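Here is the structure we will look at, set down as C-alpha cells.
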Amino acid sequence: MKLIIYGGKVIDSVEHTVSRRDIAIENGVIASMENGLSELAADGDEVRVIDATGLLIAPGLFDMHCHLREPGFEYKEDIESGTRAAAKGGFTSVACMPNLRPVTDGEDALLYLKKRAEEKGAVRVFPIAAITKSSAGAELTDIRRLAECGAVAVSDDGRPVMDASVMKRAMLLAKECGIPVISHCEDMPLTGRGVMNEGEVSRRLGVPGIPGSSEEVMVAREIVLALETGTAVHIAHVSTKTSVALVRFAKAAGARVTCETCPHYFSLTDGLVEEIGALAKVNPPLRTAQDAEAVIEGLLDGTIDAIATDHAPHAMDEKKDLLSASSGFSGFETALSAAVTYLGDKMELCRIIEKMTVNPARILNIDKGEIREGKTADLTIFDPDGEWTVRRSEFLSKGKNTPYEGRTLKGLVRYTIIAGKVVYKG
C-alpha cells in the first residue's frame, strides 16, 4: 500500500524550515518528497491519498517522559488506553517511566512491558528502567543488563535518589552502557508535607508549601556529579527560575546535561490551585509567573532541550482533596495544543516541534524526529490554527485529571501516522 500526502507544509525540525512538500510513503518508509505527487494516485493500485492542504506535517511527536500505569495501576491507565491517547495527541513514540507494580527494575519486568507494548500499543513504546531496586534508592539495579534488554535510560522518577554516592555509581554504569540517567530532582526533607508551591498562594490557603529549593539543590547536585563523571544526565520536569539558571550554567561549563519542561510549567501558575483545587496538584508543583517566564526564556535560548508531557493519569476520586490528592496531570491529549497556544506568539513553531521530536529522540539515542527520504514514516499532521475546547469527557485516556478543562486551545491533530499507517484520524 502506498500513501501520498499532498498539499501540506513540512516542518523540518533540524533545519528549522517550513516548506510546501508532498510526501510519498511506500512500505512504511518515506520514498520521495516533492511537489506534484498527488498525480501518482491516478496511476493507481492501492494508493491512499491524504489532502493536507492548510495543514502542517511534522515528524511524529516523541514524548520522553510519561506514565502508562501498566502493570499494577490499570484502573488509572493501561498501555492500550494510554497509547491511544498518545496517538490522539500526535505522539508516535513515548518513553515510559518505571514506577509501576512491579517496578521496572529487572529483566523480566522490562521484557514483560515490551511484550505488552507490542501487543497493545497504538504507538511505539520505549521503556525506561529503574536506577535502584524497587526505586527504593539504596541498591542499584543491573543497569548493564537492563540496557542490553532495551532500556533507553534509567530513572527512579517519582522517587528521587537521595544518596549522592548511589547516584554517582549509577551515572558511571550508565555512561559505560551509553544511556542517560534521568533525574527526578527533589530533596524530600525540603519537600516535607508540601502539597503545592510555597509562596503567597499556599500561605493564603493555609496549606504546606514546597519551596523551589527542593528541586534546585538536587539539580545542582546532579550537575556537579555530571561534571565529575562525564555522564549524560537529563533533568526531568524543570519548573523554577533557579533550576533553569543552573542548567544554563552547567551547559556553559561543559557538562553533558540536558533538561525538559512540561506545558503546565510555562502555561499555568500556582494561582490555579485557588481556582480548581486538587486538579491543579502536580509534582513539581505549579510555580509563580516569574518561574513560568524563566521557563519560557529557557526554551527560547536553548537551555531547555525538550518539552515532555509527564503524562500522569489518575482516577478522579484521587484528585479531590488537596492535602491527600495524587500529583499529576493527563498530558498526552493537550501537550501539543498547549505548546502551540502558549508559546506560539513567542517562539517559532519549528523550534517548538524540535523540542517535541528530534531533541528528545537524540537525548535517548533513538533515530526518530526527522522527515527525510529513507526514514520511517512517523508523522503528525495538524492544523496550527484549529481551535478546540478541552473536555475531559472526550479524553481517550482513562485519566481525566486535566488542569485545562474548559479552556480553548489552538493546534488540532488531524492525523497521526506510524510507519505509513494512520493510527489516529481527527
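Laboratory data are not the source of any read-out in this text; all were calculated from the coordinates shown. These figures come from a predicted structure and were not determined experimentally. Every residue, glycine among them, receives a Cβ derived from its backbone with ideal geometry; neighbour counts consider all protein chains shown.
Given a Förster distance of 56 Å, report the FRET efficiency between Glu119 and Ala252 from their Cβ-Cβ distance, rounded to the nearest 0.05.
Result of the calculation: an efficiency of 0.75.
Segment 1-32 and segment 356-396 have their alpha-carbon centroids 14 Å apart. Compared with the dominant principal axis of the Cα atoms in the chain, helix 241-252 is inclined by about 70°. FRET efficiency for Asp321 and Thr17, Cβ-Cβ distance as r, R0 = 60 Å, nearest 0.05? It comes to 0.75. Shown in residue order for segment 413-426 are the 3J(HN,Hα) couplings computed by the Karplus curve 6.51 cos²θ - 1.76 cosθ + 1.60 at θ = phi - 60°: 6, 9, 9, 10, 10, 10, 6, x, 9, 6, 9, 8, 10, x Hz (x for Gly and Pro). Using only side-chain charges placed at the Cβ, +1 for Lys and Arg and -1 for Asp and Glu, the dipole size of segment 269-426 relative to its Cα centre rounds to 620 debye. Amide hydrogen proximity for Ile210: with H placed 1.01 Å from N in the peptide plane, the residues at 5 or more positions away or on another chain lying under 5 Å are Val195, Met196, Asn197, Glu198. Note on the chain: antiparallel DSSP beta bridges, both residues inside, total approximately 50 percent of the bridges counted. Mind checking which aspartates and glutamates have their C-alpha under 12 Å from Lys9, skipping anything on the same chain fewer than 8 residues away? Hits, sequence-local ones excluded: Asp22, Glu34, Asp51, Asp383. Pairs with C-alpha atoms separated by more than 24 Å, drawn from the list Lys76/Lys241; Lys375/Lys410; Lys114/Lys425; Lys115/Lys320; Lys115/Lys398, are Lys76/Lys241; Lys375/Lys410; Lys114/Lys425; Lys115/Lys320. Of the labelled figures (1) 62, 54, 39; (2) 68, 47, 43; (3) 108, 48, 46, only one reflects Cα extents along the principal axes in Å as derived from the coordinates, namely (2).
For Gln290 and Lys421, the difference between the fully extended length at 0.36 nm per residue and the C-alpha to C-alpha distance is 42.9 nm.
Calculated [222 nm] ellipticity per residue, helices only, for the chain: -8500 deg cm²/dmol; basis is -39500 (n - 2.57) per DSSP H run with n ≥ 4, divided by all residues, nearest 500.
Tally Lys and Arg at +1 and Asp and Glu at -1 over the other residues with C-beta under 12 Å from the C-beta of Arg351: what net charge comes out? Charge balance in the 12 Å sphere: -4. What does the charge count around Gly298 come to, taking other residues whose C-beta lies under 11 Å from its C-beta (Lys +1, Arg +1, Asp -1, Glu -1)? Net of charged neighbours comes to -2. Ordering Ala164, Ser13, Ala236 by the projection of their Cα atoms onto the charge dipole of the chain, which places +1 on the Cβ of Lys and Arg and -1 on the Cβ of Asp and Glu, puts Ala164 at the extreme positive end. 3J(HN,Hα) couplings calculated from phi for segment 96-107 with the Karplus curve 6.51 cos²θ - 1.76 cosθ + 1.60 (θ = phi - 60°) are, in sequence order, 9, 6, x, 7, 10, 10, x, 4, 6, 10, x, 4 Hz; Gly and Pro show x.
By the Kirkwood approach, averaging reciprocal distances over each pair of separate Cα atoms, segment 230-357 gets a hydrodynamic radius of 15.1 Å. Overall, the chain carries a charge dipole of about 400 debye about its Cα centre when +1 sits on the Cβ of Lys and Arg and -1 on the Cβ of Asp and Glu, all other atoms neutral.
Each of Asp142 and Glu107 was given a label point 7 Å from its Cα along the Cα-to-Cβ line. The distance between the two points is 0.5 nm. Here the label points at Asp301 and Glu74, each 7 Å from Cα along the C-beta direction, are separated by 4.9 nm in the simple model. Considering only Asn365, Ser135, Leu299, and ranking their Cα positions along the charge dipole of the chain that arises from unit charges at the beta-carbon of Lys, Arg, Asp and Glu, the one farthest toward the positive end is Ser135. Under 5 Å between amide hydrogens, built in the peptide plane, is the criterion, and for Met64 it picks out Ala95, Thr309 among residues at least 5 positions away or on other chains. Proximity of backbone amide H atoms, modeled 1.01 Å from N, is registered between Thr258 and Val233, His234, Ile235 at under 5 Å, excluding neighbours fewer than 5 places apart on the same chain. Each residue of segment 377-384 was assigned a 3J(HN,Hα) from its phi angle through the Karplus curve 6.51 cos²θ - 1.76 cosθ + 1.60 (θ = phi - 60°); the sequence is 7, 9, 9, 10, 10, 9, 9, x Hz, with glycine and proline shown as x.
Computed about the Cα centre, the dipole magnitude for segment 55-167 is approximately 300 debye when only Lys and Arg (+1) and Asp and Glu (-1) carry charge, each at its Cβ.
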